[in-house]
Amino acid sequence: MVVPVIDFSKLDGAQRAETMAQIANGCEEWGFFQLVNHGIPLELLERVKKVCSECYRVREAGFKSSEPVRTLDALVEAERRGEAVVPVDDMDWEDIFYIHDGNQWPSDPPAFKETMREYRAELRKLAERVMAAMDENLGLEKGAIERAFSGDGRHEPFFGTKVSHYPPCPRPDLITGLRAHTDAGGVILLFQDDQVGGLEVLKDGEWIDVQPLAGAIVVNTGDQIEVLSNGRYRSAWHRVLPMRDGNRRSIASFYNPANEATISPAVSSVCGEYPKYVFGDYMDVYAKQKFQPKEPRFEAVKAPKSSPAA
């Protein structure tokens, strides 16, 4: 099995119906698909790779002294002494930082801020085009998902970007790159490394590589799309394996509801309904249960909350 690859440039041409069907299949059967010819200039993507790699070089010394590295070193040393060791299952071999409109961005390298502002603007437009296709495939009015995420325009949806690196790991058998999880939010657009693999998605009980593909943007659906679609689209479990060789770069942008927005099914179902809740309440639960099954998270927000409805 191969994660679907969709030529997004055909969405507005003679092959629109076929492209829409491919998007529907990616959402319904996988929760993951890759977009090529998506309209983001390849020259911009090259600049993003450059500034993010340069930014990690500034941070590299910090990762080498981080808790995951110290923990792994201690396990390896204990093994040398002949002691039995157990792989770490509550820690990730990952260097990360987040950028969004309200926080401090790195200033080294100097081109980072300008490049990432330009990139994020392009990604946001792409996310909105993907959501419009989802609206149509689900039989919803145009802009329905965007309106849900903004509380009918009363709040600003959250758009954040996570810049990650997964440095070479000497003992990938003893630690994870990133533990298996589903994403809490709405639509996630990932610009992943096109040389170093490691990202896997769970499909029909089997872990499948999300194959590196130059210039592609990986799209996956988060928990809120599952709720809005009443389970027709599923948020997919995914993970990152640590690699002995190569420094994997991963730039994930999240188009999420505003914390104040109320999320509820927009599509009817004969199999029962997902709950209605305020997104901020869901995030409170998710922060504690990210790496646990998602169904209890939905159950936990079913009870009435004190937060005002959006």
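The values are calculated or read from the model by the stated rules, or taken from the named source; none is laboratory data. The model shown is predicted, which means the values in this text are computed figures rather than measured ones. Neighbour counts run over all protein chains shown; Cβ positions are idealised from the backbone, glycine included. Note: areas computed on protein heavy atoms with side chains; ligands, DNA, RNA excluded. Shrake-Rupley method; radii C 1.70, N 1.55, O 1.52, S 1.80 Å.
Determine whether residue 47 is open to solvent by 50 Å² or more (accessible area, probe 1.4 Å), touching a residue at least 60 places away in the same chain (Cβ under 8 Å), more than 30 Å from residue 232 (Cβ to Cβ) and not in a loop (DSSP other than H, G, I, E, B).
The answer is yes for residue 47.
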Item checked: Which listed residue is in contact with a strand residue (DSSP E or B) (Cβ under 7 Å, 6 or more places away or on another chain), open to solvent by 10 Å² or more (accessible area, probe 1.4 Å) and over 21 Å from residue 250 (Cα atoms), from 15, 22 -> 22
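Filter the range 126-151 down to the residues that are of a type in the set (D, E, K, R) and without any contact (Cβ under 8 Å) to a residue 60 or more places away in the chain and list them by number. I'd like the intermediate steps shown before the answer.
First pass over the range 126-151, keeping only residues of a type in the set (D, E, K, R): 128-129, 135-136, 141-142, 146-147.
135, 141, 142, 146, 147 - these are the residues of the range 126-151 that are of a type in the set (D, E, K, R) and without any contact (Cβ under 8 Å) to a residue 60 or more places away in the chain.
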Item checked: The lone exception for residue 218 - which of (1) out of contact with any Phe, Trp or Tyr (no Cβ under 7 Å at 6 or more places or on another chain); (2) in a strand (DSSP E or B); (3) buried (at least 18 other Cβ atoms within 10 Å of the Cβ) it fails -> (1)
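With the structure loaded, tell me whether residue 234 is of a type outside the set (Ser, Thr, Tyr), under 30 Å from residue 94 (Cβ atoms), in a strand (DSSP E or B) and in contact with an Asp or Glu (Cβ under 8 Å, 6 or more places away or on another chain) or whether it fails that test. Full working, then the answer.
Working: of a type outside the set (Ser, Thr, Tyr): yes; under 30 Å from residue 94 (Cβ atoms): yes; in a strand (DSSP E or B): no; in contact with an Asp or Glu (Cβ under 8 Å, 6 or more places away or on another chain): yes.
No, not satisfied.
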Checklist line | Those residues of the range 144-180 which are buried (at least 18 other Cβ atoms within 10 Å of the Cβ), within 15 Å of the chain's Cα centre (by Cα) and either at pLDDT below 95 or not in a loop (DSSP other than H, G, I, E, B) (or both), in sequence order | finding: 158, 159, 161, 163, 164, 165, 178
Next item on the list: Mind counting the residues in the range 237-251 that are assigned to a loop (DSSP other than H, G, I, E, B) and of a type in the set (S, T, N, Q)?
Entry: 1
